Amino acid sequence: MPFLGQDWRSPGWRWVKTEDGWKRCESFSPALEDGNNQLSDISHTVILTGDDEDEELYSTEDCEFAAKKRKKDHFRNNADSQRFYREKWIYVHKESTKERHGYCTLGEAFNRLDFSSAIQDIRRFNYVVKLLQLIAKSQLTSLSGAAQKNYFSILDKIVQKVMEDQYNPRLIKDLLQDLSSTLCILIRGVGKSVLVGNINIWICRLETVLLWQQQLQNLQMNKQVNNGLTLSDLPLHMLSNILHRFSDGWDIITLGQVSPTLYMLSEDRQLWKKLCQYHFPEKQFCRHLISSEKGHIDWKLMYFALEKYYPIKEQYGDTLHFCRHCSILFWKDTGHPCTASDPNTCLTPVSPQHFIDLFKF
């Protein structure tokens, strides 16, 4: 039976009990080694340009240490960092008690809630991506070393999933754009003062993010050949009903580019009016009224104008839940050991922003 020490001073080795006593387990996989060799072909030269047009060049010599660490990180990231946690829930506590020492951190919660499996569920995919985007914007420096590796490991799986399934690449592009901007600011500006780990490791991570962006930029959608019934063959009232189900304006515009009929339906004023009314209160309309040439309110431009100033409502197929009785954060279908008489009355859905706020002290 494998044993993992809980002492924070331990080097993190994995031990296995044998007849001769406890021995350290040193895993090695030739397949992973071949994958690591491919990473060494990536250029280690990154140019970061600031607002003052000053350029800071990180040459190959400066990244010599990072090249060695890249192989170690790739091996560790491919390992299942959550295999030691059977329960997919975490107790959220913000102070020390007699029963529990210390407090729960963002990195600990990120490691315990099995986000690697969550991205394989289409109901949770957008939720996890949005959560990673919020962490990239403001909480990246709050992650521990283990949480950082888990973060970039999950991000790697997300990119590979998008490359294979071509599912919602626009959402991932926004995430990588925010992450690359944050990394540029941290590496160029504050650097070692806030980043956990060697600065060269973060440079290599930035290079990986830039490589992912390039791969997604060159992504070509597979053209499906289907001789059966297509979306354009549906009646107009059904197509209109489908468009009215969308909650994202960019998705409506994208669908409108499929055919002239869908374009005509996507330009409907009532469609954009209902979309504005769904996301924003009427008080905000008066501050950003936009009229068309005919004197009518241009609801389409109104939507994108309001989107710049106010947050829109977020919709997810499945979210994390917080039990007010047990103070436990968990995925609803995995459950948790609740002691309440009626657990369903104690559950509160947790949005990605609420998840971040739970761990702000």
Scan Lys313, Lys308, Lys283, Lys294 and give me the residue that is under 19 Å from the mean Cα position of the chain (by Cα), surrounded by fewer than 13 Cβ atoms within 10 Å (Cβ to Cβ) and at pLDDT below 85. Lys313
When you go through (1) in contact (Cβ under 8 Å) with a residue 24 or more places away in the chain; (2) surrounded by 15 or more Cβ atoms within 10 Å (Cβ to Cβ) one by one for Arg170, which number turns out not to apply? (2)
Of the residues Leu236, Leu271, Leu275, Leu231, which is open to solvent by 90 Å² or more (accessible area, probe 1.4 Å), in contact (Cβ under 8 Å) with a residue 24 or more places away in the chain and either closer than 30 Å to Asn111 by Cβ or touching a Ser or Thr at 6+ places or on another chain (Cβ under 9 Å) (or both)? Leu236
Would you check which residues across region 122-136 are open to solvent by less than 40 Å² (accessible area, probe 1.4 Å) and either of a type outside the set (Ser, Thr, Tyr) or outside the structural domain of Lys157 (by the TED database) (or both) and list them? Arg124, Phe125, Val128, Val129, Leu131, Leu132, Gln133, Leu134, Ile135, Ala136
Given (1) open to solvent by 30 Å² or more (accessible area, probe 1.4 Å); (2) within 19 Å of Trp89 (Cα to Cα); (3) out of contact with any strand residue (DSSP E or B) (no Cβ under 8 Å at 6 or more places or on another chain), identify the lone condition not met by Leu301. (2)
If you go through region 343-361, how many residues are touching an Asp or Glu at 6+ places or on another chain (Cβ under 9 Å) and either outside any loop (DSSP other than H, G, I, E, B) or farther than 12 Å from Leu106 by Cα (or both)? 3
Of the conditions (1) surrounded by fewer than 13 Cβ atoms within 10 Å (Cβ to Cβ); (2) in contact (Cβ under 8 Å) with a residue 12 or more places away in the chain, His336 fails just one. Which one is it? (1)
For the structure I just gave you, tell me whether Phe280 is among the aromatic types (Phe, Trp, Tyr) and in contact with a strand residue (DSSP E or B) (Cβ under 6 Å, 6 or more places away or on another chain). no
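The values are calculated or read from the model by the stated rules, or taken from the named source; none is laboratory data. Quantities reported herein were computed from a predicted structural model and do not represent experimental measurements. No Cβ is skipped: glycine too gets one built from the backbone with ideal geometry, and neighbour counts run over all protein chains shown. Just so you know, the surface numbers come from the protein's heavy atoms only, side chains and all, with ligands and any DNA or RNA stripped out. Shrake-Rupley method; radii C 1.70, N 1.55, O 1.52, S 1.80 Å.
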